[in-house]
C-alpha cells in the first residue's frame, strides 16, 4: 500500500470515528447540545483536526444524516423491487418509512433538523450534494413504480408526471413523521394509535388518486393483514 492510499484510509477511519462518536453523543445528550470541541475531545483529537473533516457543525450534521440516509434509501429500493402490485408497493413505502423511523428515532429527529434553513443553507454545497446524491437511486426506484402503475392503467396521473405523483405519498410520510417528532403535538388530539393513523392516511391518499385496487378504509382486518405481510416479507 502506497503512502497516499494509507493516508486516505487513515482519513476515512478518523472521519468514521468522528461520525460514530457524534451519533453516540447525540443519542446520550441530545441533538442541540452537540458541540464540536466536545466531540473532538471525546475522540482524543484537537478541535482543529475535526474541522479538517467538517467545515462546521452543520456540515457534520448533514454528514450524519447522509450516512443513515444510505440505509433508509436501500430499504426503499428493496420495497420498489418487491414482487407485489404497484398499489401494494406504494403502501409498503409508508410502512417501511414508519418502521425505519421507529427503529432509528434519533435519525428522524436529525433529518427534521437538517432540512431547516438554518442548517441546510449553512452546510457546504459539497455536503448537500452528497446527501441529495444518496436520495437519487431511491427516487428513481419509486418513480419507476409510479411509471409502471401509469402504464398498466392502475392510477390516474392526469397532468402530473410520475415524479410529481410520487410527491403526494412522500409528503404524507414526511409530514406525519414531523408531527410524531414534535413532542405533545399529537397527544392534544388524543391519538391512541399514531402508526395506524399514518397507514390509514396513506391508503386514503392512494384511494384519492384512484390507485387501483382501491382499499376499504373501514376494513381493519385487511389493513392489519397488509401491514403484517409487508413486515414479514420486507422488514423481518
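The values are calculated or read from the model by the stated rules, or taken from the named source; none is laboratory data. Small disclaimer: the values here were computed from a predicted structure and weren't measured. All Cβ positions, even for glycine, are placed from backbone atoms using ideal geometry, and neighbour counts span all protein chains on display.
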For the stretch 1-41, the count of residues that are more than 28 Å from the chain's Cα centre (by Cα) and in a helix (DSSP H, G or I) equals 10
Helices (runs of 4 or more DSSP H) within the stretch 103-175 that include 3 or more residues more than 12 Å from the chain's Cα centre (by Cα): 117-120, 125-152
Could you tell me which numbered condition residue 118 fails, if it satisfies all but one of (1) surrounded by fewer than 14 Cβ atoms within 10 Å (Cβ to Cβ); (2) touching a helix residue (DSSP H, G or I) at 6+ places or on another chain (Cβ under 9 Å); (3) more than 26 Å from residue 236 (Cα to Cα); (4) not assigned by TED's automatic domain parsing to the domain that holds residue 172? (4)
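Quick grid of which residues meet (1) over 23 Å from residue 115 (Cβ atoms); (2) surrounded by 13 or more Cβ atoms within 10 Å (Cβ to Cβ); (3) not assigned by TED's automatic domain parsing to the domain that holds residue 110:
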residue: 6; (1), (2), (3): yes, no, yes
residue: 14; (1), (2), (3): yes, yes, yes
residue: 19; (1), (2), (3): no, yes, yes
residue: 26; (1), (2), (3): no, yes, yes
residue: 30; (1), (2), (3): no, no, yes
residue: 37; (1), (2), (3): yes, no, yes
residue: 43; (1), (2), (3): yes, yes, yes
residue: 66; (1), (2), (3): no, yes, no
Regarding the stretch 131-144, can at least one residue be identified that is closer than 18 Å to residue 205 by Cα, in contact with a helix residue (DSSP H, G or I) (Cβ under 9 Å, 6 or more places away or on another chain) and in the same structural domain as residue 66 (by TED's automatic domain parsing)? yes
